[in-house]
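Chemist: Okay, handing you the structure first.
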Amino acid sequence: MAAYKVLVTGGCGYIGSHTSIDLLQKGFEVVSVDSLERSKAFVADRVSEISGKAFHNYAFDCRDYAQLRQVFTAHPDIRGIIHFAAYKAVGESVEQPLMYYDNNINSLINVLRVAEEFDVQDFVFSSSCSVYGNAAELPVSEATPLAEAESPYGRTKVISEKIIQEYSINSRMRFILLRYFNPTGAHTSGLLGEIPFGSPQNLIPVITETAIGRRASLTVFGDDYDTRDGSCIRDYIHVMDIAEAHTLGLQYLQSNRNTDQVEILNLGSGNGISVLEMIRSFESVTGRTLNYQIGPRREGDVIAVYADNSRAKKLLGWECKQGVDDMMRTAWAWEQRMQEENIREK
Ligand SMILES: NC(=O)c1ccc[n+]([C@@H]2O[C@H](COP(=O)([O-])OP(=O)(O)OC[C@H]3O[C@@H](n4cnc5c(N)ncnc54)[C@H](O)[C@@H]3O)[C@@H](O)[C@H]2O)c1
């Protein structure tokens with residue numbers, strides 16, 4: 001039987017590249033469309049190198065419908081789509097909301113249109129725990145009511161989910177919406193990881209950039225919250241665990257196991273880890289002392305959020321294989337590799 005061919009949009013991005021490797025290693029064929037606006041061309045070569053399989057990226061913007069059609073004309077056997085391509089920086093979305101609505105919404109609409117035209121069966125969409133806003137209950141399950149989005153970025157994910165749900169009513173396509181918590185870490189090969197664009201705000205890149213000397217110090221925003229050590233609690237999940245869930249998601253749709261046309265699944269580790277615990281894990285894994293200080297609380301920070309991931313485990317047979325120490329070890333190896341190879345400047 002011919003291999004299942006999948007279009008991955010944003011296939012040279014952080015999660016898209018790790019997912020492409022996992023898909024290729026499990027027998028899928030992968031075609032990528034990534035404008036490379038927030039990635040680097042060498043990533044496609046790394047995906048091939050690590051997986052040992054062919055991987056081609058078409059470098060154009062998903063908002064270009066004519067070029068999307070050409071990809072499907074060249075690959076009429078594409079049966080599934082994983083749609084990652086989007087902007088993702090919360091702060092930037094507050095500064096430039098139109099840029100976020102334009103890219104994140106119009107890319108999705110175009111990809112859905114081309115999927116319909118070429119009769120694609122399966123569609124996996126990258127959503128985010130940001131749709132829960134300041135969640136009223138813990139752990140957060142898929143039944144937790146969505147709260148007001150905290151940023152234009154978060155709102156693009158709420159709107160995208162709604163677009164898919166409304167579109168699905170008159171479509172034969174099957175959908176999985178994956179709500180990621182905090183993806184982190186890097187590929188265990190040491191050859192690939194997240195390439196920061198601009199100044200990253202996420203905790204782990206800030207930790208590794210501080211350790212390598214790109215930042216003088218790191219600030220913990222508040223140690224007087226009502227948590228076990230006073231710092232905020234988040235649910236971190238290794239990017240390779242996130243990647244595998246996409247492969248399992250496509251296999252799930254492929255084998256007609258879905259009961260709902262649109263399945264929504266949380267992808268988190270299920271464990272809440274505090275900022276101070278993350279710092280301690282980094283120090284113990286790497287043997288380095290981090291230069292950090294306690295600062296005031298940061299406006300808008302949620303005190304604690306972590307996932308109920310039982311639905312993804314049950315439906316996909318998925319589980320997290322990597323713990324916090326693995327996240328730190330791989331993120332640190334990647335930060336060092338980026339410095340050695342001057343990857344930010346490539
Ligand atoms: N990383 C996270 O913390 C996180 C958390 C929740 C959800 N997500 C979502 O997961 C998806 C992937 O995130 P990521 O961390 O891999 O981000 P990323 O920025 O590393 O990857 C996105 C890729 O898409 C490309 N891209 C963006 N817009 C495009 C367009 N219009 N056409 C073609 N290519 C385009 C970029 O060049 C980039 O390589 C995004 O939809 C993001 O919103 C990410």
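Chemist: Taking square-rooted eigenvalues a ≥ b ≥ c of the alpha carbon gyration tensor, is the stretch 5-118 rounded, prolate or oblate, where a/c under 1.5 means rounded and, failing that, a/b exceeding b/c means prolate? Display every interim value, and only then the final one.
Modeler: Values: a/c = 2.15, a/b = 1.27, b/c = 1.69.
Oblate, because a/c is 1.5 or more while a/b does not exceed b/c.
Chemist: What residues qualify as long-range amide H neighbours of Ala307, i.e. H under 5 Å apart, gap of 5 or more or another chain, H built at 1.01 Å from N?
Modeler: For Ala307, whose amide H was placed from the backbone, the distant partners under 5 Å are Val140, Ser269, Gly270, Asn271.
Chemist: Counting only pairs 8 or more residues apart or on different chains, how many lysine pairs in the chain have their Cα atoms under 18 Å apart?
Modeler: Final tally of qualifying lysine pairs is 8.
Chemist: Right, next: When a footprinting reagent is the concern and you count Cβ atoms within 10 Å, what order do Lys40, Lys162, Lys157 take, fewest first?
Modeler: On the way: Lys40 16, Lys162 11, Lys157 25.
Lowest to highest Cβ neighbour count: Lys162, Lys40, Lys157.
Chemist: Which percent, nearest 5, of DSSP beta bridges in the stretch 161-291 are antiparallel?
Modeler: Values: 2 of 11 bridges.
Taking every DSSP beta bridge with both residues in the stretch 161-291, the antiparallel ones total about 20 percent.
Chemist: Okay, next question. Give the percent of DSSP beta bridges with both residues in the chain that are antiparallel, rounded to the nearest 5. Can you show the working numbers first?
Modeler: Numbers: 2 of 41 bridges.
Percentage antiparallel, nearest 5: 5.
Chemist: Let me ask you something else. Show me, for the stretch 62-78, the HN-Hα J-couplings you get by feeding each phi into the Karplus relation (A = 6.51, B = -1.76, C = 1.60, θ = phi - 60°), rounded to Hz, glycine and proline as x.
Modeler: Each residue of the stretch 62-78 in turn: 4, 6, 8, 5, 4, 6, 4, 4, 4, 4, 6, 5, 6, 10, x, 8, 5 Hz.
Chemist: For the pair Asn342 and Gln165, what calculated FRET efficiency results from E = 1/(1 + (r/R0)^6), where r is the Cβ-Cβ distance and R0 = 35 Å, to the nearest 0.05?
Modeler: Values: r = 44 Å, r/R0 = 1.27.
The pair Gln165/Asn342 has a calculated efficiency of 0.20.
Chemist: Could you derive backbone 3J(HN,Hα) for the stretch 150-161 from the dihedral phi with the Karplus parameters 6.51, -1.76 and 1.60 (θ = phi - 60°), listing whole Hz in sequence and x where the residue is Gly or Pro?
Modeler: 8, 7, x, 4, x, 5, 4, 6, 4, 5, 4, 4
Chemist: If you don't mind, there's one more thing I want to ask. If you take the square roots of the eigenvalues of the alpha-carbon gyration tensor of the stretch 216-346 and sort them as a ≥ b ≥ c, do you get rounded (a/c under 1.5), prolate (a/b over b/c) or oblate?
Modeler: oblate
Chemist: Could you work out how much longer the chain between Asp119 and Asn291 gets when fully extended? Use 0.36 nm per residue separation minus the Cα distance between them, nm to one decimal. All intermediate terms of the calculation are to be shown ahead of the outcome.
Modeler: Numbers: separation 172, 0.36 × 172 = 61.92 nm, distance 5.39 nm.
Here the segment from Asp119 to Asn291 would lengthen by 56.5 nm.
Chemist: Still on this structure, please answer the following. If you take the square roots of the eigenvalues of the alpha-carbon gyration tensor of the stretch 270-330 and sort them as a ≥ b ≥ c, do you get rounded (a/c under 1.5), prolate (a/b over b/c) or oblate? Show your work: numbers first, answer last.
Modeler: Details: a/c = 4.39, a/b = 1.41, b/c = 3.12.
Oblate, since a/c reaches 1.5 and b/c is not below a/b.
Chemist: Right, something else. Check which residues have an amide H placed less than 5 Å from Phe55's amide H, if you skip close sequence neighbours.
Modeler: Sorted by chain and number, the residues that satisfy this come to none at all.
Chemist: Here is a further query. Applying 1/(1 + (r/R0)^6) with R0 = 56 Å to the Cβ-Cβ distance of Ala2 and Ala136, what FRET efficiency is obtained, to the nearest 0.05? Don't jump to the answer; show the numbers that get you there.
Modeler: Details: r = 47 Å, r/R0 = 0.85.
Approximately 0.75, to the nearest 0.05.
Chemist: Any chance you could run the full-extension gain for Asp260 through Thr73? It's 0.36 nm times the residue separation minus the Cα-Cα distance, nm to one decimal.
Modeler: Working: separation 187, 0.36 × 187 = 67.32 nm, distance 3.01 nm.
Here the segment from Asp260 to Thr73 would lengthen by 64.3 nm.
Chemist: Would you look at the GNM of the chain, springs on alpha carbons closer than 10 Å, and say which of Glu29, Glu95, Glu299 moves the most?
Modeler: Glu299
Chemist: Quick one: which residues, 5+ away or cross-chain, put their amide H under 5 Å from the amide H of Tyr180? H built at 1.01 Å from N.
Modeler: When sequence neighbours closer than 5 places are left aside, the close amide H contacts are Ser127, Ser128, Cys129, Leu267.
Chemist: According to a simple spin-label model (label point 7 Å from Cα along Cα-to-Cβ), what is the distance in nm between Lys313 and Ser189?
Modeler: The answer from the label model is 3.0 nm.
Chemist: Would you give the gap between the C-alpha center of the stretch 257-279 and the C-alpha center of the stretch 148-202, rounded to a whole Å?
Modeler: 12
Chemist: Of the residues Val275, Val94, Val111, which exhibits the maximal mean-square fluctuation in a Gaussian network model of the chain defined by a 10 Å Cα contact cut-off?
Modeler: So, out of Val275, Val94, Val111, the one fluctuating most is Val94.
Chemist: Need the full-extension length gain, Gln25 to Ala147, defined as separation in residues times 0.36 nm minus the C-alpha distance. One decimal, nm. Let's see the in-between values first.
Modeler: On the way: separation 122, 0.36 × 122 = 43.92 nm, distance 3.80 nm.
Gain in length upon complete extension: 40.1 nm.
Chemist: What do you get for the angle between helix 239-254 and the principal long axis of the chain? Use alpha-carbon atoms, 0 to 90 degrees, nearest ten.
Modeler: Tilt relative to the chain: about 30 degrees.
Read the figures in this text as sums done on the coordinates, not as results from a lab. From a predicted model like this one, the values you see are computed outputs, not experimental measurements. We place every Cβ from the backbone using ideal geometry, glycine too, and count neighbours over all the protein chains shown.
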